[in-house]
Amino acid sequence: MTAAFKEEFENQGYVILKGLYTTEEAHRLKEEAAAILARHDVHQSGVFLGLTAESPLFKEAARTPRLAQALKEIVGDSVVFLSDKLVFKNASTDFGSPWHQDYSYWRGSHKLSVWIALDDANPANGCLRIVPGSHLSTASHDGQVTDDLGFVHRLDEKDIDPSQIVDLPASKGDAIVFHDLLLHASYPNTSGADRWALISTYKDGTQPDPDYSWAKAAFAL
Ligand SMILES: O=C(O)CCC(=O)C(=O)O
């Protein structure tokens, strides 16, 4: 990792770790996620919180050395894993996530999200979309909530300049690390195929924060 890596994160608000996990590792994680979902009464929201809290395999993946090194490069030596969630889309759970900054939900110190592809992701099955550089300011989240997707803080699509949007297709095992002020959304899944992604949250352990009830499996890297 180089100074250019950190500079890219600071300027763009995100960096891509291609092939963070091998195809086989991503496949194993998806199988494990499916086993976890099968043990729970998961409804159609397409979101399940807390895989690492109940799976040693996910805990191991959350501290994989290349990721730990990249996160330390960005925030410094004290990195804390807070929580993770599976955002799974398929033929019946096919919504696109609306535009938002994660910070609008979390507040406190700034965090990093790591979006990990457990399937190949593209515009047809719901890949991530971002606005590079948007992490440099806080947007007001006053978009109308007319569905029950659970995104209560969101921007109106018309408030996003289409010329600034970058689509981030990903191969299974790729990871996108982004700042909690980076504007992002995802396409709806019109393909009928799975698009499962793991999204993990990390923070700089030296920064004070409120207690987050959703971070019950927190640990230092
Ligand atoms: O649909 C996605 O993969 C993005 C989900 C997302 O942005 C979120 O849950 O904060």
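The values are calculated or read from the model by the stated rules, or taken from the named source; none is laboratory data. Quick caveat: nothing in here was measured; it's all calculated off a predicted structure. Neighbour counts are summed over all protein chains in view; Cβ atoms, including those assigned to glycine, are modelled from backbone coordinates with ideal geometry.
Applying the condition of being touching a strand residue (DSSP E or B) at 6+ places or on another chain (Cβ under 6 Å) and modelled with pLDDT under 95 to segment 38-73 and asking which residue is nearest to residue 200 (Cα to Cα) yields 49. Restricting attention to segment 171-214, report how many residues are more than 10 Å from the ligand (Cβ to nearest atom), of a type in the set (Gly, Ala, Ser) and over 15 Å from residue 110 (Cβ atoms). So the count comes out to 8.
Residue by residue, here is whether (1) within 16 Å of the chain's Cα centre (by Cα); (2) assigned to a strand (DSSP E or B); (3) within 16 Å of the ligand (Cβ to nearest atom) holds:
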| site | (1), (2), (3) |
| --- | --- |
| 6 | no, no, no |
| 21 | yes, no, no |
| 25 | no, no, no |
| 28 | no, no, no |
| 33 | yes, no, yes |
| 40 | no, no, no |
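Close Cβ contacts (under 8 Å, 6 or more residues apart or on different chains) running from residues in segment 177-204 that are at positive phi to residues that are more than 10 Å from the ligand (Cβ to nearest atom) comprise 192/90; 192/91.
Only one residue in 67, 20, 29, 57 is surrounded by 13 or more Cβ atoms within 10 Å (Cβ to Cβ) and without any contact (Cβ under 8 Å) to a residue 40 or more places away in the chain. Which one?
On the way: 67 fails: without any contact (Cβ under 8 Å) to a residue 40 or more places away in the chain; 20 fails: without any contact (Cβ under 8 Å) to a residue 40 or more places away in the chain; 29 fails: without any contact (Cβ under 8 Å) to a residue 40 or more places away in the chain.
That would be 57, the only listed residue that is surrounded by 13 or more Cβ atoms within 10 Å (Cβ to Cβ) and without any contact (Cβ under 8 Å) to a residue 40 or more places away in the chain.
Testing residue 181 on (1) of a type in the set (A, V, I, L, M); (2) touching a Gly at 6+ places or on another chain (Cβ under 9 Å); (3) more than 15 Å from residue 75 (Cβ to Cβ), one condition comes back false. Which one is that? Looking at each condition in turn, residue 181 falls short on (3).
From 129, 107, which residue is surrounded by fewer than 17 Cβ atoms within 10 Å (Cβ to Cβ) and within 17 Å of the chain's Cα centre (by Cα)? Give the steps one after another, and end with the answer.
On the way: 129 fails: surrounded by fewer than 17 Cβ atoms within 10 Å (Cβ to Cβ).
Going through 129, 107 in turn, the sole match is 107.
Scanning segment 86-116 for residues that are under 24 Å from residue 138 (Cα atoms), within 13 Å of the ligand (Cβ to nearest atom) and either in contact with a Lys or Arg (Cβ under 8 Å, 6 or more places away or on another chain) or charged (D, E, K, R) (or both) returns 98, 99, 100, 102, 103, 111, 112.
Residues checked against (1) over 27 Å from residue 67 (Cα atoms); (2) β-branched (Val, Ile, Thr); (3) at pLDDT below 85:
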| position | (1), (2), (3) |
| --- | --- |
| 91 | yes, no, yes |
| 123 | no, no, no |
| 131 | no, yes, no |
| 140 | yes, no, no |
| 156 | yes, no, no |
| 163 | yes, no, no |
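Is it the case that segment 204-218 has a residue that's closer than 26 Å to residue 93 by Cα, part of a loop (DSSP other than H, G, I, E, B) and in contact with a Ser or Thr (Cβ under 8 Å, 6 or more places away or on another chain)?
In the first step, residues of segment 204-218 are kept if they are closer than 26 Å to residue 93 by Cα; the result is 214-215.
So of that shortlist, the ones also part of a loop (DSSP other than H, G, I, E, B) come out as 214-215.
Checking the rest, the ones that are also in contact with a Ser or Thr (Cβ under 8 Å, 6 or more places away or on another chain) come to 214-215.
Within segment 204-218, one or more residues are closer than 26 Å to residue 93 by Cα, part of a loop (DSSP other than H, G, I, E, B) and in contact with a Ser or Thr (Cβ under 8 Å, 6 or more places away or on another chain).
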